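The values are calculated or read from the model by the stated rules, or taken from the named source; none is laboratory data. The model shown is predicted, which means the values in this text are computed figures rather than measured ones. Quick reminder, even Gly has a Cβ in these numbers, built from the backbone with ideal geometry, and neighbours come from all protein chains shown. Side chains included, ligands, DNA and RNA excluded: accessible areas come from the protein's heavy atoms. Shrake-Rupley method; radii C 1.70, N 1.55, O 1.52, S 1.80 Å.
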Amino acid sequence: MAPAPTRGSFRFDKYYLVMEELRASGEALTEHAPDPCPREWLEAVHCPTYVEQVFTAQVPREKERRIGFPVTPHIASRVAHTNGGTWLAAQLAFAHGYAANSAAGSHHALYDTGAGFCVFNDLAVCANRLIAQGDARRVLIVDLDVHQGDGTASLTATRDDIVTFSIHAEKNFPVRKARSNLDIALPDGTGDNSYLATLEARLPRLLDEFAPDIVLYQAGVDPHEHDKLGRLALTDEGLERRDRYVVEQVRTRGLPVTSALGGGYGDDPRVVAGRHARSMIAMARENARYTNDTINRYPRSRSGSRTIRTRASDNTCGFA
């Protein structure tokens, strides 16, 4: 989600501003409040000792420096809820085709520490839980944040039921990249056409070959040309084309897609929040073109069979 922390880089006020932008948009959107992620779900992916440090607000100073801010009781509660938000958004996506977490996308968090403004890795936690609970057999994580999702790649490296795909700036954070299943590192200044051509050359084939049951999408807006911490050059139009293309490719295959907010940085948090809001609205609009009648790949979950039928007119987007 972010490069090495620098003073003033991370703005928590971005999150409520994103919701203000969404509420003011006039779109048919439904808000949902997530429950906190159960501790055992976090411990299934992260070191239990580190999870304990977070929940007791006793994270060592060196880990807090790596994260980029102090882990207070408020932060501990916040990250439990944002991880719950990605899980809830995935459940909503099963019902509606697409749903978004208006926070999270904490793809730098590692097994026993956070990093780069990330405390727990909601993408890895959600993917693991979806498979453990029987809601999915295979999960694809598409990470189009400007920074490589090193934590997600590391946490899922030994698994063949979770595949990670990252397109990122080659010279941006982290300096030492992890190994995703598919990594594409782009040169500084890559613009709309080259970026989208790269995405179009890889995503359809990956979807067809891996055949996931759900896609988790790290939809950072930090590839934008004016992002404070990015090195790429996508325009507003380019970001919208990117997001609509991801949803189109997933939904034409009868699959659900869940997005997490990811990175986006600038001196004016409302400008950044506007980019995030437009990103989610673009995905919701693309999703509204599809029904869920074709979704038939899901295995029987432990709670019973899953029946999903909606009309396109019902395809409003849920935001957790």
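Overview of values
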read-out: Filter result for G230 (modelled with pLDDT of 95 or more and in a loop (DSSP other than H, G, I, E, B)); value: no
read-out: Selected residue [touching a strand residue (DSSP E or B) at 6+ places or on another chain (Cβ under 7 Å) and of a type in the set (V, I, T)] from T235, T198, T252; value: T198
read-out: Condition met for N181 (polar (S, T, N, Q) and over 19 Å from A153 (Cβ atoms)); value: no
read-out: Top-ranked residue in the range 62-77 [being open to solvent by 70 Å² or more (accessible area, probe 1.4 Å) and closer than 18 Å to H108 by Cβ; ranked as nearest to the chain's Cα centre (by Cα)]; value: R66
read-out: Condition met for G151 (surrounded by 24 or more Cβ atoms within 10 Å (Cβ to Cβ), farther than 19 Å from G230 by Cα, modelled with pLDDT of 95 or more and not basic (K, R)); value: no
read-out: Residue count, the range 154-187 (criterion: touching a Phe, Trp or Tyr at 6+ places or on another chain (Cβ under 6 Å) and either small (G, A, S) or open to solvent by 30 Å² or more (accessible area, probe 1.4 Å) (or both)); value: 1
read-out: Matching option when the condition is over 25 Å from A178 (Cα atoms) and touching a residue at least 12 places away in the same chain (Cβ under 8 Å), among E31, E40, E52; value: E31
read-out: Restricting the range 201-219 to residues that are in a helix (DSSP H, G or I) and in contact with a strand residue (DSSP E or B) (Cβ under 8 Å, 6 or more places away or on another chain), the residue that is surrounded by the fewest Cβ atoms within 10 Å (Cβ to Cβ); value: R202
